[in-house]
Amino acid sequence: MAIMMPAADQAVLSRRSEIVAALRAIVPGEGVIDSAAEMLAYESDGLTAYRQPPMVVVLPDTTEQVSKVLKYCHEQGIKVVPRGSGTSLSGGALPLADGVLLGLGKFKRIREIDFDNRVVVTEPGVTNLAISQAVAHAGFYYAPDPSSQIACSIGGNVAENSGGVHCLKYGMTTNNVLGCEIVLMNGEVLRIGGKSAENAGYDIMGIITGSEGLLGVITEITVRILQKPETARALMVGFAEVEAAGECVARIIGAGIIPGGMEMMDKPAIHAAEAFVHAGYPLDVEALLIIELDGPSIEVDELIRRVETIAQGCGSVTCQISNSEAERNLFWAGRKAAFPAVGRISPDYLCMDGTIPRGALPKALARIRELSEKYQLGVANVFHAGDGNLHPLILYDANKPGEMERAEAFGADILRCCVELGGVLTGEHGVGIEKRDLMPEMFSEIDLNQQQRLKCAFDPQGLLNPGKVFPTLHRCAELGRVHVHGGKLAFPDIPRF
Ligand SMILES: Cc1cc2nc3c(=O)[nH]c(=O)nc-3n(C[C@H](O)[C@H](O)[C@H](O)COP(=O)(O)OP(=O)(O)OC[C@H]3O[C@@H](n4cnc5c(N)ncnc54)[C@H](O)[C@@H]3O)c2cc1C
């Protein structure tokens, strides 16, 4: 699966010094970075196999500056890639050689905390965790909690519609964002939604959420905050077979219980996480479920009892129940650190992200095992089990010839399998460049054209984050006339590492 990007516009590159000077006039001081050494920090995001230094990096810190930068680039036909904290695992923030990388890292202020309306109005560069920390003193928190929450920005979360452990019960980012300010590619500033839960007209907020930086640059966000539940306790349940753990997940949901979080790890992931954080995970089981129940303590006690009974009925072989906050946090520590933990046991890994109907979990796992044999590469599985969101981590060594290509082919087959089983290509990491060329596996030509028409309504010149999400680029004027064969445009290859 060689990933190609749009050809660099030599005419734009030949005007680089003039462009840098114009951007410096808009964002003075240290807001423009154009030295090769300093731009190295921006050449990649969380999909580190792909790297590309941008033409120039711009770091504005006001909406007015963002608007002027975009208006200038629009008039000059210059491409722009928005970037939050750069933790995307699908290559969404990968720069373009002839593009401006627009970093939102200086948008670090929380503008308003409104407990009466239970909302926080924040700038996009604020980290996910910082929002919860800012309201914790009053017993509130922001529910979506990606494992990267210490680093990822809320702007990136909205752009990717990020999820996390607590999204099973409390919804993804899209269910927790009420409004935003967005700057369009032509510099126009648009305000969508606000503090109220209902808005008139089309659900534009729903379109912006998950738009992967292709429709506009988000400069302010209003998020919903929730009151912390009175009690939260977790069960850590081990199974001798992965299928039994999958069955347990289905039975818990089938019994009408919606846990605050329900995550699964297979043996390689359990071992890697335990060696890293010493959470006390059992090492002789094939699968581990961490199930959190929250609410009034009397209800939590009853739910724990019911979940324990269901787990026993599915053949659980170990079960530990947290009796303190410290213990509950320890159960989660291993799961939350599973990605870096796997990074310690393999020189490189590719983190896949597909979703399947919950009941198809055993079939998907069996298929992943077969593929692991076929491609002769190890795999550690971590899931948001309650949502059917799989994160197989494919282990490879980029220094061994052919392994990176095998890992990518393995990953593509896993995602095809998710679609075949009635699922979708991505659960929460977005399409970016990683899954772009697999989009025709899921969407027809008509679907894809209609999605691009939506993109055209926001960015008719296709200057915002081009080369991401859509497998084929069309000029907006041509849409409706062109015939696509699910093929690729002549994108030249980008360097892989
Ligand atoms: C160790 C690790 C664990 C992770 N765990 C999870 C997880 O549990 N759940 C999950 O959902 N994800 C997870 N991720 C993926 C990643 O953290 C999320 O996708 C996150 O939302 C990206 O935020 P960011 O600020 O880093 O965005 P970036 O990586 O900078 O950008 C991501 C995309 O958003 C666009 N974008 C960023 N900011 C803006 C803006 N202000 N306006 C418009 N577009 C913008 C970019 O163009 C790009 O397309 C994980 C990543 C890592 C490295």
Between helix 267-277 and the chain, what is the angle of the helix's C-alpha long axis to the longest principal axis, kept within 0 to 90° and rounded to the nearest 10? 80 degrees
Which order, highest average first, do 390-397, 360-367 follow once you tally other Cβ atoms within 10 Å for each residue and take the mean per peptide? 390-397, 360-367
What's the magnitude of the charge dipole for the stretch 10-103 around its Cα centre, counting Lys and Arg as +1 and Asp and Glu as -1 at the beta-carbon? Answer in Debye, nearest 20. 200 debye
Which of the lysines could a cross-linker span from LYS169 if the Cα-Cα distance has to be under 30 Å and same-chain partners fewer than 8 positions apart are dropped? LYS108, LYS195, LYS228, LYS267, LYS336, LYS363, LYS435
Quick check: from the Cα gyration tensor, does the stretch 231-340 come out rounded (a/c under 1.5), prolate or oblate? oblate
If you fit an axis through the alpha-carbon atoms of helix 297-313 and take the longest principal axis of the Cα set of the chain, what angle between them do you get, 0 to 90°, nearest 10? 80 degrees
Which number comes out as Rg/Rh for the stretch 110-227 once both Rg and the Kirkwood Rh are worked out on C-alpha atoms? 0.94
Pick out, from ALA245, ILE270, ILE258, the residue whose Cα sits farthest towards the positive end of the charge dipole of the stretch 234-279, with +1 on the Cβ of Lys and Arg and -1 on the Cβ of Asp and Glu. ILE258
For the chain, what is the charge dipole size about the Cα centre, in debye to the nearest 20, if Lys and Arg each add +1 at the Cβ and Asp and Glu each add -1 at the Cβ? 640 debye
Expected 222 nm ellipticity per residue - DSSP helices of 4 or more, -39500 (n - 2.57), all of the chain, to 500: -10000 deg cm²/dmol
For Cα pairs less than 8 Å apart in space and 6+ apart in sequence, what is the mean separation divided by the residue count of the chain, i.e. the relative contact order in percent? 16 percent
For the chain, build the charge dipole from Cβ charges (+1 Lys, Arg; -1 Asp, Glu) around the Cα centre, then report which of ALA22, TYR141, SER324 sits farthest towards its positive end. ALA22
Quick one: accessible area per residue over the chain, 1.4 Å probe, rounded to a whole number of Å²? 40 Å²
In the chain, what cysteines have no partner Cβ closer than 4.7 Å? CYS73, CYS152, CYS167, CYS180, CYS319, CYS351, CYS417, CYS418
Could you give the spread of the C-alpha atoms of the chain along their three principal axes, from largest to smallest, in whole angstroms? 68, 56, 44
Please name whichever of PHE383, SER153, VAL300 sits farthest to the positive end of the charge dipole of the chain, dipole taken about the Cα centre and charges placed at Cβ: Lys and Arg +1, Asp and Glu -1. SER153
I'd like to compare 314-327, 113-126, 153-166: which one has the highest average count of other Cβ atoms within 10 Å, and what's the full order after that? 153-166, 113-126, 314-327
How much of the accessible area of the stretch 231-340, probe 1.4 Å, is carbon plus sulfur, in whole percent? 56 percent
Working from the pairwise distances between different alpha carbons, so that the mean of 1/r is found and then inverted, what is the stretch 288-400's Kirkwood radius in Å? 16.3 Å
Ranking request for peptides 181-191, 133-143, 243-253: highest mean number of other beta-carbon atoms within 10 Å first, then the rest in descending order. 243-253, 181-191, 133-143
Carbon plus sulfur fraction of accessible area for the stretch 10-103, probe 1.4 Å, in percent: 53 percent
Under a cut-off of 17 Å between alpha-carbon atoms, report the lysines in cross-link reach of LYS79, not counting same-chain residues fewer than 8 places apart. LYS68, LYS71, LYS455, LYS468
Could you work out how far apart the two model spin labels at SER297 and LYS400 are, taking each label as a point 7 Å from the Cα in the direction of the beta carbon, and quote it in nm? 5.2 nm
Equivalent ellipsoid semi-axes, the stretch 198-271, via Cα gyration tensor eigenvalues times 5, rooted, Å: 36, 18, 14
Under Stokes-Einstein, the stretch 10-103 at 25 °C and 0.890 mPa s, with its Kirkwood radius over C-alpha pairs, diffuses with a coefficient in µm²/s of 186 µm²/s
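The values are calculated or read from the model by the stated rules, or taken from the named source; none is laboratory data. From a predicted model like this one, the values you see are computed outputs, not experimental measurements. Positions of Cβ are generated from backbone atoms using ideal geometry, with glycine treated the same way; all protein chains shown enter the neighbour counts. What goes into the accessible areas is simple: the full protein's heavy atoms, side chains included, and nothing from ligands, DNA or RNA. Shrake-Rupley method; radii C 1.70, N 1.55, O 1.52, S 1.80 Å.
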